[in-house]
There are 2 protein chains.
Amino acid sequence: MVLYIIGLGLSDEKDITVKGLEAVKSCSRIYLEAYTSILGVGKERLEAFYERPVIIADRDMVETESDAILQDADKVNVAFLVVGDPFGATTHTDLVLRAQERGIPTVPIHNASVMNAVGCCGLSLYQYGQTVSIVFFTETWRPDSFVEKIGANRQMGLHTLCLLDIKVKEQSIENLARGRKIYEPPRYMSIPTAITQLLSVTTDAYSPTTIAVGLARLGSATQQIVAGTLEELQSVDFGPPLHSLVICGKMHFLEADVVRGFAVSKETFDRYAEVSEH
Amino acid sequence: MVLYIIGLGLSDEKDITVKGLEAVKSCSRIYLEAYTSILGVGKERLEAFYERPVIIADRDMVETESDAILQDADKVNVAFLVVGDPFGATTHTDLVLRAQERGIPTVPIHNASVMNAVGCCGLSLYQYGQTVSIVFFTETWRPDSFVEKIGANRQMGLHTLCLLDIKVKEQSIENLARGRKIYEPPRYMSIPTAITQLLSVTTDAYSPTTIAVGLARLGSATQQIVAGTLEELQSVDFGPPLHSLVICGKMHFLEADVVRGFAVSKETFDRYAEVSEH
């Protein structure tokens, strides 16, 4: 039959498409990928809405037990649910390739992802450069390739979408070393933490007065969008996850009009925003 | 009440989200924006599915008659349907701002757009630079700002999503000059036409042997994805619209694995693809 890879969109059980819901209802087994992103609701809400059980698929299961996921998928339909769009994270490519090896057709069902929904802050999607990831720094590991990319984008006047790290079902180094399957509580990087990391790197790609836009719980009823300098946003309470951050490049005045509406302070916005008149 | 701006997704009436469908059903008037993109189905299919009439909103109506669209929106719900995601095209920002001026809350309902659905060709969404538009050249107007942007992207090893022009309800220069509201038949740029325009510009940003991916009717049952050199794709028949094109930058070998599966010829793909091993 078919392996459906179904995007759930951004926020709750009703962000699935009608096509996606029909597909889910045709499936014998339903997996929810729960390690690259999260919805604003738990799996119980999904189960109630689908009237079917949902199996949480963590990274371990997807990467090492794909046989179990694909089992009998030549005889029954299987759904693999992904927050956002099916192709937002590359980790699912592997599952698709394995299905293809077994001659199981895969059908993706698209949905919104942060990559397009971020358009709601007023910055044109045509004016973004490369998207970057910001991962949690540790004492010994501070990967900062985002700096160079933000710099290249800003030099061309482009905005940068920063996706912030999430850590789900991670083991501490000690537990990992001892082979103990004890997991740390999930961690979701907040906008202030991301900014602290950004500002901890010495660079001229941006500064504490660079204008940025913080977005929390995009697409939900409690969505929060706040614009301001990095410094200003560092002390905004954005509430529960997920958070994303856009570092602004040069704004067209029509973009600036919308972003200004989200500003912590219109005064600092007007002082520091780089706005072009054409 | 509320002005809903509802993304319809990419292909047919069932790509709307459950949330979007519920919103549509609560509305007294439903407009379909029909000039920046098209679905694969006509408005009759939407009307049958919604069990409600749908009013086609052309550019003229949205830009000059927004009062009519917003009429009574303080008393009843109004839906403004947009192909893809509500924020894919900036043209709707104006409608949102006008609604806000009148104190009418606007609620966007997100959906897939080509900007994230393009992930299905196997190229990572994190490895795209700025998106470009390719508009129909005329004898006297050949805007080619895409060249510089593709060049900048490729220099950084990044892929470029090229969105191809659509012309709906355009007037000929003569009819425009004479004020005659006679409209030309709609035109949708095909991938071969886009490539002809790309190759008509003298540049070293790309060449006839640059690897690219053509995508037609993304997200539909007749979706077509073909990879090859620009020259090869120029003679592929991609069928009915909409078409999009990705000019590849440097591919990670896992990206190349997937793209190669779509290649016109694996031999030319292997000869010309720029692939990195890490």
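What to note about this one:
- Taking the criterion of being without any contact (Cβ under 8 Å) to a residue 24 or more places away in the chain and over 16 Å from A:I38 (Cα atoms), the residues of segment A:161-180 that qualify are A:Q171, A:S172, A:I173, A:E174, A:N175, A:L176, A:A177, A:R178, A:G179, A:R180.
- Exclusive hit being surrounded by 17 or more Cβ atoms within 10 Å (Cβ to Cβ) and outside any loop (DSSP other than H, G, I, E, B), set B:A112, B:A79, B:A68, B:A73: B:A79
Residues are listed down the side, and each one gets a yes or a no for (1) touching a helix residue (DSSP H, G or I) at 6+ places or on another chain (Cβ under 9 Å); (2) within 24 Å of B:A216 (Cβ to Cβ); (3) among the aliphatic types (A, V, I, L, M):
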{"position": "B:L10", "(1), (2), (3)": "yes, yes, yes"}
{"position": "B:E13", "(1), (2), (3)": "yes, yes, no"}
{"position": "B:A34", "(1), (2), (3)": "yes, yes, yes"}
{"position": "B:V41", "(1), (2), (3)": "yes, yes, yes"}
{"position": "B:V54", "(1), (2), (3)": "yes, no, yes"}
{"position": "B:E65", "(1), (2), (3)": "no, no, no"}
{"position": "B:Q71", "(1), (2), (3)": "no, no, no"}
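- Count of residues meeting criterion [assigned to a helix (DSSP H, G or I), buried (at least 19 other Cβ atoms within 10 Å of the Cβ) and not small (G, A, S)] in segment A:22-49: 2
- One residue alone among B:T193, B:T210 is more than 19 Å from the chain's Cα centre (by Cα), of a type in the set (V, I, T) and within 23 Å of B:V118 (Cβ to Cβ), and that residue is B:T210.
- A:V236 meets all of the listed conditions (1) closer than 21 Å to A:N153 by Cα; (2) out of contact with any Asp or Glu (no Cβ under 9 Å at 6 or more places or on another chain) but one, namely (1).
- Selection of segment B:139-158 for residues being within 12 Å of chain A (Cβ to nearest Cβ) and either assigned to a helix (DSSP H, G or I) or basic (K, R) (or both) yields B:S145, B:F146, B:E148, B:K149, B:G151, B:A152, B:N153, B:Q155.
Yes or no, residue by residue, for (1) surrounded by fewer than 16 Cβ atoms within 10 Å (Cβ to Cβ); (2) outside the structural domain of A:A263 (by the TED database):
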position: A:P108; (1), (2): no, yes
position: A:C121; (1), (2): no, no
position: A:T140; (1), (2): yes, no
position: A:I150; (1), (2): no, no
position: A:G157; (1), (2): no, no
position: A:L161; (1), (2): no, no
position: A:K167; (1), (2): yes, no
position: A:Q171; (1), (2): yes, no
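- The lone exception for A:Y128 - which of (1) in contact with a His (Cβ under 6 Å, 6 or more places away or on another chain); (2) more than 30 Å from B:L95 (Cβ to Cβ) it fails: (2)
- Qualifying residues in segment B:123-138 (those that are at pLDDT 95 or above and more than 11 Å from chain A (Cβ to nearest Cβ)) - the one surrounded by the fewest Cβ atoms within 10 Å (Cβ to Cβ): B:F137
- Lone unmet requirement of (1) farther than 30 Å from A:I16 by Cα; (2) in contact with a helix residue (DSSP H, G or I) (Cβ under 8 Å, 6 or more places away or on another chain); (3) at pLDDT 95 or above for A:Q197: (2)
- B:Y183 fulfils the conditions (1) more than 16 Å from the chain's Cα centre (by Cα); (2) touching a residue at least 40 places away in the same chain (Cβ under 8 Å) except for a single criterion, (2).
- Residue satisfying all of: in segment A:15-74; more than 14 Å from every other protein chain (Cβ to nearest Cβ) and of a type in the set (K, R); farthest from A:Q100 (Cα to Cα) among these: A:K43
- Matching residues, segment B:91-111, being among the charged types (D, E, K, R) and over 20 Å from A:A256 (Cα atoms): B:R102
- Residue check: B:T93 meets all listed conditions (1) touching a residue at least 60 places away in the same chain (Cβ under 8 Å); (2) within 18 Å of the chain's Cα centre (by Cα) but one, namely (1).
- Of the residues making up segment A:243-278, those that are away from chain B (no Cβ under 14 Å) and in contact with a Phe, Trp or Tyr (Cβ under 8 Å, 6 or more places away or on another chain) number 6.
- Residue match in segment B:114-127 (condition: under 24 Å from B:V168 (Cα atoms) and more than 15 Å from the chain's Cα centre (by Cα)): no
- Tallying residues that are surrounded by fewer than 20 Cβ atoms within 10 Å (Cβ to Cβ) and among the hydrophobic types (A, V, I, L, M, F, W, C) within segment B:50-65 yields 3.
- For B:I182, the criteria (1) touching a helix residue (DSSP H, G or I) at 6+ places or on another chain (Cβ under 6 Å); (2) surrounded by 15 or more Cβ atoms within 10 Å (Cβ to Cβ) hold in every case but one, which is (2).
- For segment B:75-104, taking the residues that are in contact with a strand residue (DSSP E or B) (Cβ under 8 Å, 6 or more places away or on another chain) and over 26 Å from B:D12 (Cα atoms), the one that is farthest from the other protein chains (Cβ to nearest Cβ) is identified as B:V76.
- The residue that is nearest to the other protein chains (Cβ to nearest Cβ), counting only those in segment A:221-242 that are among the polar types (S, T, N, Q) and out of contact with any helix residue (DSSP H, G or I) (no Cβ under 6 Å at 6 or more places or on another chain), is A:Q223.
The values are calculated or read from the model by the stated rules, or taken from the named source; none is laboratory data. Model, not experiment: these values are computed from the prediction. Here the Cβ is made from the backbone with ideal geometry for all residues, glycine too, and neighbour counts use every protein chain on show.
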